[in-house]
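These notes concern the structure reproduced below.
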Amino acid sequence: MQKLANILIVDDDPDVREAVKIILETQPYELIFASNGEECLEQVKKKTPDLIILDLLMPKKDGFEVIKELRGHPSYPRIPILVLTAVKKEAAGRRYELETALRMDVDDYIEKPIQPDDLIDRVKRILTRARRK
């Protein structure tokens, strides 16, 4: 089966990475993994993913820092980001705004625990929107 999208999954919890893998490997996606923000940015420099699924609370650069770097430097292309975290959306948004004075520029937000059908639907929607641009 031809892979339709390249997705980078970034989470410090190996169980979460495995759960996302199990859910998304049923779809025609190439999956790449990183366990922290530094690894995420290294992967992006190697090959630009079609989507990043990003945890917010991680060691060695958290998700907030990754978003700030990806959105703040013109050297990075505009990569869709789906935040996948246990941090409530309102709290995450407030923290980001306090730290950056900006709205958190992500494409969607999903809270843990993961609901498989919800994750698949959101990934498909984001990828469809990104292809239309």
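Only the coordinates and a few stated rules stand behind these numbers; no lab work does. Being a predicted model, the structure only gives us computed values, none of them experimental. Counting neighbours? That spans all protein chains shown, and the Cβs are built from the backbone with ideal geometry, glycine included.
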Taking Cα pairs under 8 Å and at least six residues apart, what relative contact order does the chain come out at, in percent?
-> 22 percent
Once the in-chain neighbours fewer than 8 apart are removed, the lysines whose Cα is under 28 Å from LYS112 read LYS3, LYS21, LYS45, LYS47, LYS60, LYS61, LYS68, LYS88, LYS89, LYS124
Given a Förster distance of 30 Å, the FRET efficiency implied by the Cβ-Cβ spacing of ASP15 and ARG132, rounded to the nearest 0.05, works out to 0.30
Cβ-based net charge around ASN6, under 12 Å, with every Lys or Arg adding one and every Asp or Glu removing one = +1
Using only the C-alpha atoms of the chain, find the volume of their convex hull and express it per residue in Å³.
-> 105 Å³
Compare the peptides 40-46, 108-114 by average per-residue count of other Cβ atoms within 10 angstrom and give them in order, highest first.
-> 40-46, 108-114
Quick one: Karplus J couplings for the stretch 5-16, per residue in order, coefficients 6.51, -1.76, 1.60, θ = phi - 60°, nearest Hz, x for Gly and Pro?
-> 7, 10, 10, 9, 9, 10, 7, 7, 8, x, 5, 5
At 20 °C in a medium of viscosity 1.002 mPa s, the stretch 10-86 has a Stokes-Einstein diffusion coefficient, with Rh taken as the Kirkwood radius over alpha carbon pairs, in µm² per second, of 170 µm²/s
With the label point 7 Å along the Cα-to-beta-carbon line of ILE22 and a cut-off under 17 Å to each amide N, the hits in the stretch 43-59 are none
Collect residues whose amide H, placed 1.01 Å from N in the peptide plane, falls under 5 Å from the amide H of LEU51; neighbours closer than 5 in sequence don't count.
-> ASN6, LEU8
Return the distance in nm (one decimal) between the two label points of a simple spin-label model at ASP108 and LYS47, each offset 7 Å from Cα along Cα→Cβ.
-> 2.3 nm
For the chain, what is the calculated [θ] at 222 nm in deg cm²/dmol (nearest 500), taking -39500 (n - 2.57) for each run of four or more DSSP H residues and dividing by its residue count?
-> -14000 deg cm²/dmol
Please sort 25-34, 61-70 by packing, taking for each peptide the average over its residues of neighbouring beta carbons within 10 angstrom, highest first.
-> 61-70, 25-34
